[in-house]
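The block underneath contains the structure these notes are about, expressed in structure tokens.
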Amino acid sequence: MYRNFIFDLYGTLVDIHTNEYKPSLWKKMALFYSFQGAAYTGKELRCRYRQLETAARKAPSPYAYPEICAADIFRILYAEKGIQPSESLLTATGQFFRIESLHTLQCYPASIDTLQKLHANGCGVYLLSNAQRIFTEYELRSLGLWELFDGILISSDEGCCKPDPAFFRILFDRYGLNPADCLMIGNERTSDLAGAVAAGIDCCYLHTATSSGSAGDTPEEARFTVMDGDSYSLQKLLLTLTG
């Protein structure tokens with residue numbers, strides 16, 4: 001039935017829990033910045049980061065659902081203290097921020113095997129993620145997922161995010177995909193499912209612990225559903241849909 005499978009990442013293939021609001025994160029981030037010559041207090045850094053984030057989200061954009069770039073915010077925070085950071089320093093800053101905010105980061109049990117089996121069946125496997133490259137590329141690599149995709153689109157690179165159909169069209173155009181041959185798999189109705197519908201492709205809803213809404217509320221817009229959150233149930237379903 002489908003030749004190409006487009007996956008969401010967080011909450012679909014990867015179980016993740018973060019907390020970017022805990023004071024200890026910002027105290028350590030301020031110390032990290034200070035080590036580079038950019039002196040901040042934890043409170044000052046947190047407030048300025050949020051101000052820059054808000055301004056970035058309000059900036060003019062050609063997209064209906066624009067995306068910010070966290071790396072640009074980290075760069076501005078250095079520049080405002082007279083430091084011109086190298087790309088390697090920005091990467092290290094992003095990694096430190098992410099590691100300090102993480103509580104959980106792991107693949108769901110069948111995720112890797114599912115991608116491998118889809119490939120073995122001759123299918124294309126793609127990632128369409130609302131995420132920040134400065135975090136996500138390294139998480140994908142550390143989890144052994146990076147090399148399993150035929151194409152990866154991360155919203156911070158493109159300036160737009162799901163549910164914007166433009167984000168889907170970029171994927172279709174870049175990799176020469178026929179929308180009629182594609183299935184979107186995700187755990188969020190407002191981004192994954194709504195985006196798939198707007199882009200004119202079928203979608204499969206996977207309800208996991210990080211999904212919005214109740215497990216008993218089956219979304220009508222999804223052609224297929226896996227409401228128990230089990231990655232093996234998802235795998236079994238998807239393998240019946242290859243064609």
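The table below lists the values:
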{"read-out": "Modelled FRET efficiency - R0 22 Å, residue 142 with residue 34, Cβ distances, 0.05 increments", "value": "0.20"}
{"read-out": "Net lengthening on full extension, residue 173/residue 212 (0.36 nm per residue, minus Cα-Cα)", "value": "11.0 nm"}
{"read-out": "Euclidean distance between Cα centres, the range 163-225 to the range 77-141, Å", "value": "21"}
{"read-out": "Virtual spin-label span in nm between residue 80 and residue 113, 7 Å along Cα→Cβ", "value": "4.9"}
{"read-out": "Inter-label distance, nm, simple model (7 Å from Cα along the C-beta direction), residue 103/residue 225", "value": "2.7"}
{"read-out": "Estimated 222 nm signal from helices in the chain, with DSSP H stretches of n ≥ 4 weighted -39500 (n - 2.57), rounded to 500", "value": "-13000 deg cm²/dmol"}
{"read-out": "Most to least packed among 19-28, 189-198 [average Cβ atoms within 10 Å]", "value": "189-198, 19-28"}
{"read-out": "Order of 57, 75, 223 under a 10 Å beta carbon neighbour criterion, fewest first", "value": "57, 223, 75"}
{"read-out": "Antiparallel bridge percentage (DSSP; both residues within the chain; nearest 5)", "value": "20"}
{"read-out": "Pairs beyond 26 Å (Cα-Cα), from 58/81; 58/162; 43/162; 27/162", "value": "43/162; 27/162"}
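FYI, it's all coordinate maths here, none of it is from the lab. Since we're looking at a predicted model, the values are computed, not measured. Reconstructed Cβ throughout: ideal geometry from the backbone, glycine too, with neighbour counts over all protein chains shown.
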